[in-house]
Amino acid sequence: MSAKILEVKNLKKYFPLKTNLLGREKEFVKAVDGIDFHINYGEILGLVGESGCGKSTTGRTVLRLLEPTEGRIIFEGQDITHLKKNKLRSVYKHMQLVFQDPFASLNPRKKVGNAIDEVLYVHGMKDEAQRRETVRELFDMVGLRGEEDKYPHEFSGGQRQRVVIARALAVNPKLIICDEPVSALDVSIQAQIINLLVSLKNRLGLSYLFISHDLRVVKYMSDRVAVMYLGRIVEIAPADELFKNPAHPYSRALLSVVSVLGSGKNKKKIILEGEVPNPVNPPSGCRFRTRCKYATGQCSEIEPQFKCIGNGHFVSCHLY
Ligand code: SF4
């Protein structure tokens, strides 16, 4: 069996913006514009980038909550890109989503234990006693022993995120897409949820696509990290390597914040000039060229290809 639980090839997600007189779409927001990456079994891949770079759209498209415009999504060797909706249920048994706002994803009128009981039933666990026992175990696992008879409003934000994690675990997933799972929580609670996710991953052998703008959390969590800019991945490397030696000028600027905070040495935060370009009409050649101090004529004409510059370290920039 391949070591890869997920492979994403040339994935694109465009959102139509304008139509012409014939009603045909003629302008698109190119939120995700041809990305390739994979996640190995038991691995955490962090996905970072400024807000609006396409991180969350990537997560939702991989899960087929958004339909891909182009490309392929291969989960456990099966191409799920065009799988019919009724067949996707068997995929969702193994691939789940935990996102930012736990309150929005829970029914306020339903006891949390009943909500998870329902998930178990839908996914084929028809025996009531078995479901009750499984709900109890799941709440135990996420540190909420005996709390299954409460309503969502009776929990704190961090506890609600634990409930959402318990619900994701109910179907025995292998891959969880975590989309900013702690950014809505108080800083004091964030560490608890992060530690819970890491311990569950180790205990259950899970893999995560961990999407976050919080670079310190990504650094702590991830085995490898992919950096996204304007719908494209510009660099991907083992986490230690990327945070020590970021190669792409955009990654260097983005990660300079963490170096400054982490080392306390003479490192300087790199301030990026200019605005992120419009994803409807991204710059020709390298998309980062309008903000890059190393840009040359070649950068506006030729799109840089991914190159391996070391052990598992890939970058897309003409400097290499
Ligand atoms: Fe800068 Fe050119 Fe590299 Fe793009 S390809 S990051 S513009 S040097």
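The values are calculated or read from the model by the stated rules, or taken from the named source; none is laboratory data. The shown structure was predicted, so the numbers you read here are calculated from the model rather than taken from an experiment. Don't worry about glycine lacking a Cβ; one is built from the backbone with ideal geometry, like all the others, and counts go over all protein chains shown. Heads up: the accessible areas ignore ligands, DNA and RNA and are worked out on the full protein's heavy atoms, side chains in. Shrake-Rupley method; radii C 1.70, N 1.55, O 1.52, S 1.80 Å.
Being within 18 Å of the chain's Cα centre (by Cα) and open to solvent by less than 40 Å² (accessible area, probe 1.4 Å) is a description that applies to R224.
Just one of the listed residues (S256, S284) is farther than 23 Å from H38 by Cα, under 24 Å from the mean Cα position of the chain (by Cα) and either more than 10 Å from the ligand (Cβ to nearest atom) or open to solvent by 50 Å² or more (accessible area, probe 1.4 Å) (or both), and it is S256. Please specify each residue of region 62-106 satisfying the condition of being acidic (D, E) and surrounded by 12 or more Cβ atoms within 10 Å (Cβ to Cβ). Those that are acidic (D, E) and surrounded by 12 or more Cβ atoms within 10 Å (Cβ to Cβ): E70, E76, D79, D101.
Of all the criteria given as (1) farther than 21 Å from D140 by Cα; (2) in contact with a strand residue (DSSP E or B) (Cβ under 7 Å, 6 or more places away or on another chain), the one not satisfied by D186 is (2). R109 passes every criterion in (1) of a type in the set (D, E, K, R); (2) open to solvent by less than 30 Å² (accessible area, probe 1.4 Å); (3) in contact (Cβ under 8 Å) with a residue 40 or more places away in the chain apart from (2). On the stretch given as region 287-320, residues that are free of Cβ contacts under 8 Å to residues at least 60 places away in the same chain, within 22 Å of F37 (Cβ to Cβ), not polar (S, T, N, Q) and not in a strand (DSSP E or B) total 5.
Residue count for region 230-253, restricted to those that are part of a helix (DSSP H, G or I) and either open to solvent by 10 Å² or more (accessible area, probe 1.4 Å) or away from the ligand (no atom under 16 Å from the Cβ) (or both): 7. Inspect region 130-145 for any residue being open to solvent by 30 Å² or more (accessible area, probe 1.4 Å) and among the aromatic types (F, W, Y) and give the result as yes or no. Taking every residue of region 130-145 in turn, none turns out to be open to solvent by 30 Å² or more (accessible area, probe 1.4 Å) and among the aromatic types (F, W, Y).
Being touching a Gly at 6+ places or on another chain (Cβ under 7 Å) and open to solvent by 50 Å² or more (accessible area, probe 1.4 Å) is the filter; apply it to region 287-320 and report the residue that is farthest from the ligand (Cβ to nearest atom). Give the derivation first.
Step one: of region 287-320, the residues touching a Gly at 6+ places or on another chain (Cβ under 7 Å) are 290-291, 299-303.
Retained after the next criterion (residues that are open to solvent by 50 Å² or more (accessible area, probe 1.4 Å)): 290, 301-303.
Details: T290: 8, E301: 10, I302: 8, E303: 8 Å.
Restricting to residues being touching a Gly at 6+ places or on another chain (Cβ under 7 Å) and open to solvent by 50 Å² or more (accessible area, probe 1.4 Å), the top hit is E301.
If you check S212, S222 for being under 30 Å from H94 (Cα atoms), at pLDDT 95 or above, more than 10 Å from the ligand (Cβ to nearest atom) and of a type in the set (S, T, N, Q), only one passes: S222.
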